1. 5 Å is the cut-off here: which amide hydrogens, built 1.01 Å from N in the peptide plane, fall below it relative to SER96, excluding neighbours closer than 5 in sequence?
2. Quickly work out the GLU112-to-GLU20 label distance, labels modelled 7 Å from Cα along the C-beta direction, and quote it in nm with one decimal.
3. What's the percent breakdown of Cα-Cα distances in the range 127-177 across 10 Å bins, shortest bin first?
4. Using a 10 angstrom cutoff on alpha carbons, build the Gaussian network for the chain and name the most mobile of ARG98, ARG177, ARG168.
5. Please give the charge dipole size of the range 24-176, origin at the Cα centre, charges +1 on K and R Cβ atoms and -1 on D and E Cβ atoms. Round to the nearest 20 debye.
6. Contour minus end-to-end for PHE161 and THR71, with contour as 0.36 nm per residue of separation and end-to-end as the Cα-Cα distance?
7. May I ask you to evaluate 6.51 cos²θ - 1.76 cosθ + 1.60, the Karplus curve with θ = phi - 60°, for each residue of the range 2-10 and list the ³J(HN,Hα) values in order in whole Hz, giving x for glycine and proline?
8. Mean 1/r over all different Cα pairs, inverted: what Kirkwood radius does the range 13-57 give, in Å?
Amino acid sequence: MDRIVFRRLRQALTRFAAREDGSVVAEGVIVLPLLIWAFIGLFVYWDAFREMNTVQKAGYTLSDVLSRQQTGVTNAYVVGMQDLFDYLVGDDSENSIRVTSVTRNGTNDKFEVHWSRTTNSERMPALTTTKLQDYIAQIPSMADNDYAVIVEVNVPYTPAFDVGLGDRVFTEFIVTRPRFLHCVPMDNVPCPVS
């Protein structure tokens, strides 16, 4: 009995697969909207990942430039970094950056802010030692009295089409050790003598 059922089912499927009649217009009307929806969805997700990748690369570029700084950083320098970031990202709508020099205090084993500057104090206020404690998990281990530069970037993103990926903000938190100096000085906050 089972053999007969399976044989008839196999014959029916074979006949169905061999048929070549049908309406191209009807099939096109059914499939075309699905193809368009899939194309738009792939475009939006591809664009979001492209933007996220660009933000990450631009943030690491700023961090690398700042870590190589051998003279005091000024507010104008930070504004110039914002201009460079906007150029690298290709959009300057509401991007913001915050650069902070931090140290690990050897006496109380606590991270402290040496100096902090931001280009948008409403979206990203300057970092304080108290607020820095919220980011401890993101800062790698450091030796006592060692310094690091933190570059944070925020870039709002709005997808071109609504396919389930809502508005979001791409953020990067990049910690880099100064390359040529013990610490990166700010114009009015010198580095302590080590």
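Read-outs throughout are calculated quantities, based only on the coordinates presented, and are distinct from any laboratory measurement. Since we're looking at a predicted model, the values are computed, not measured. Quick reminder, even Gly has a Cβ in these numbers, built from the backbone with ideal geometry, and neighbours come from all protein chains shown.
1. The answer is ASN154.
2. So the label points at GLU20 and GLU112 sit 8.5 nm apart.
3. 19, 41, 20, 15, 5
4. ARG168
5. Values: 10 positive and 19 negative charges, 72 e Å.
Taking the Cα centre of the range 24-176 as origin, the dipole is about 340 debye.
6. Values: separation 90, 0.36 × 90 = 32.40 nm, distance 4.56 nm.
The span from PHE161 to THR71 would gain 27.8 nm if fully extended.
7. Once rounded to whole Hz, the list reads 5, 5, 5, 4, 5, 5, 5, 5, 5.
8. Details: mean 1/r = 0.0734 Å⁻¹.
Evaluated over the range 13-57, this radius sits at 13.6 Å.
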